[in-house]
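Heads up: the structure comes next, in structure tokens.
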Amino acid sequence: MDAKPKPVHGDDRVAGFVLSSRLVSSTLLLLNFGFFLFSIVLTYQATGQMGFWSFPGQVLDVLGAKSPAIRLHGEWWRLVTAGVLHGGLIHIGMNMWVLYDIGPLVEEFFGSYRMVLIYVLGSVVGFGASYLWNWQALSIGASAGICALIGAMIAYGFQYKSPMAGAIRAHFVRWAIYLVIIGLMIPVIDNAAHIGGLAGGFAIAYLTGAKSLFDDWKETLVKIAFYLTCAVVAYSFFQVFQNLARGMGA
């Protein structure tokens, strides 16, 4: 469908400013770095070493990595928490560099509510695909959510007909191709999570569309989905701390 200009009033300009801020992108960066520091602390407690470059599998597992516990114990919340964990300094450095680059752009085009839906639900779809591909393998990383952001920008390029949208589509299709090629070249990369994230982000962005300044039924549904997603994320993080409490009590 064609993107059409919309009238902007005083209240709408304020809403547009809020939606175009970097609040979600900055929060995601802080959240990922927070769990990275948490991983360092737990690694030191478990091994006596700081472990900046890599973390033991048991530390990542207790913090909520995608693992066999999903199937064996029904811990589905790991599909959420796996996206904030990283295996070491290089892993988080690369992912946060890309998130810092792409996140604000997606937030500008789609707004804060949709940004959360695209990133979180896209990441869940990615780790869900990883689980279906190999439920026994431990998998972590923000790359599933980042791939969802890339998928969202591709969806924007397909949905809106303009030279700018076409350029955006071509640019991010190349990103997606590079990711798949790199994934095929490096065996430890979870390609299923990447492809699932791309597909999930594309679908969510295509269904919800770009951000709107009109408070209609579609925006109401987006906001409801946003609050439900935040509740699921909060519950998942609560389960991580419950898991930690059980581990320390053992």
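The values are calculated or read from the model by the stated rules, or taken from the named source; none is laboratory data. Computed from a prediction, not measured in an experiment: that's the story for all the values here. Here the Cβ is made from the backbone with ideal geometry for all residues, glycine too, and neighbour counts use every protein chain on show.
Miscellaneous remarks
- Candidates Asp190, Asp101, filtered to the one that is under 17 Å from Lys66 (Cβ atoms) and among the acidic types (Asp, Glu): Asp190
- Selected residue [at pLDDT 90 or above, touching a Gly at 6+ places or on another chain (Cβ under 9 Å) and closer than 29 Å to Gly64 by Cβ] from Leu198, Leu228: Leu198
- Flag if Tyr235 is surrounded by 11 or more Cβ atoms within 10 Å (Cβ to Cβ), touching a helix residue (DSSP H, G or I) at 6+ places or on another chain (Cβ under 6 Å), over 18 Å from Val98 (Cβ atoms) and not polar (S, T, N, Q): no
- Looking only at region 183-195, residues that are surrounded by fewer than 22 Cβ atoms within 10 Å (Cβ to Cβ) and modelled with pLDDT of 85 or more come to 3 in all.
- Within the option set Trp97, Trp76, being surrounded by fewer than 24 Cβ atoms within 10 Å (Cβ to Cβ) and not in a helix (DSSP H, G or I) holds for one residue only, Trp76.
Let's see how each residue does on (1) buried (at least 22 other Cβ atoms within 10 Å of the Cβ); (2) more than 21 Å from the chain's Cα centre (by Cα); (3) part of a strand (DSSP E or B); (4) not basic (Lys, Arg):
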residue: Ser54; (1), (2), (3), (4): no, yes, no, yes
residue: Asp61; (1), (2), (3), (4): no, no, no, yes
residue: Thr81; (1), (2), (3), (4): yes, no, no, yes
residue: His91; (1), (2), (3), (4): no, no, no, yes
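- One residue from Arg169, Arg174 being exposed (fewer than 12 other Cβ atoms within 10 Å of the Cβ) and either touching a strand residue (DSSP E or B) at 6+ places or on another chain (Cβ under 8 Å) or over 27 Å from Leu31 (Cα atoms) (or both): Arg174
- Filter result for Phe36 (in a helix (DSSP H, G or I) and in contact with a Leu (Cβ under 9 Å, 6 or more places away or on another chain)): yes
- Test for Asp190: is it in contact with a helix residue (DSSP H, G or I) (Cβ under 7 Å, 6 or more places away or on another chain) and acidic (Asp, Glu): yes
- Enumeration of residues in region 93-115 that are over 20 Å from Gly200 (Cβ atoms), of a type in the set (A, V, I, L, M) and within 14 Å of the chain's Cα centre (by Cα): Met96
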